[in-house]
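Undergrad: Questions regarding the structure given below will be posed in turn.
The values are calculated or read from the model by the stated rules, or taken from the named source; none is laboratory data. The structure displayed is predicted, hence computed values, not measured ones. Because the Cβ atoms are built from the backbone with ideal geometry, glycine has one as well, and the counts that use them run over all protein chains shown. All accessible areas refer to the heavy atoms of the entire protein, side chains included, with ligands and DNA or RNA removed. Shrake-Rupley method; radii C 1.70, N 1.55, O 1.52, S 1.80 Å.
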Amino acid sequence: GSVREDADVGADEEYPVDTGKFLTGVFRKLDREVMERDPDMINGFWKLGLMGISLRLRGRGIGERMFAKLLELLEEDRRPVQIITQKPHIVAACKRDGFQVMDEREIRVAHKHTTFRNWTLKRVSKMSANSGE
């Protein structure tokens, strides 16, 4: 995956008052850009959203086991899995589980005077890869 620096997403658009709606639009736009470049994603894919573990339960491997089980279940479907994250430790963990970085960029949210790093990762089904689909 290539790194796109200083992506000024939405710079020429009106900024909604609701930052959540603005960021939803940003991620939809990123999805379209990434999907247009990746033939694996054309016939549908699973998109994993937020996953969290209660602070008092962290450090016990619950999240890792839950994620591993989820990937096992999704593997049976044979469609690719996509994850979007802003956390470097999630990128590292996903890479260990066979994910590839499809897109990495710095996103500037002008109306909030802030930036954040964003990664889009994918994992192609091992079953599909092995069967030649």
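Undergrad: Measuring from label point to label point, each 7 Å out along Cα→Cβ, what is the Arg117 to Lys21 span in nm?
TA: 3.2
Undergrad: Longer than 23 Å from Cα to Cα, which of Lys69/Lys126; Lys29/Lys69; Lys69/Lys122; Lys21/Lys95; Lys47/Lys112 are they? Say none if no pair is.
TA: Among Lys69/Lys126; Lys29/Lys69; Lys69/Lys122; Lys21/Lys95; Lys47/Lys112, the Cα-Cα distance tops 23 Å for Lys29/Lys69; Lys21/Lys95; Lys47/Lys112.
Undergrad: According to a simple spin-label model (label point 7 Å from Cα along Cα-to-Cβ), what is the distance in nm between Glu36 and Arg96?
TA: It is 3.6 nm.
Undergrad: A follow-up question, please. By how many nm would the segment from Arg28 to Leu55 lengthen if fully extended, with 0.36 nm per residue of separation less the alpha-carbon distance? Working shown, then result.
TA: Numbers: separation 27, 0.36 × 27 = 9.72 nm, distance 2.99 nm.
Between Arg28 and Leu55, full extension yields 6.7 nm more.
Undergrad: Over region 62-133, give the accessible area per residue in Å² for a 1.4 Å probe, as an integer.
TA: Solvent-accessible surface per residue comes out at 57 Å².
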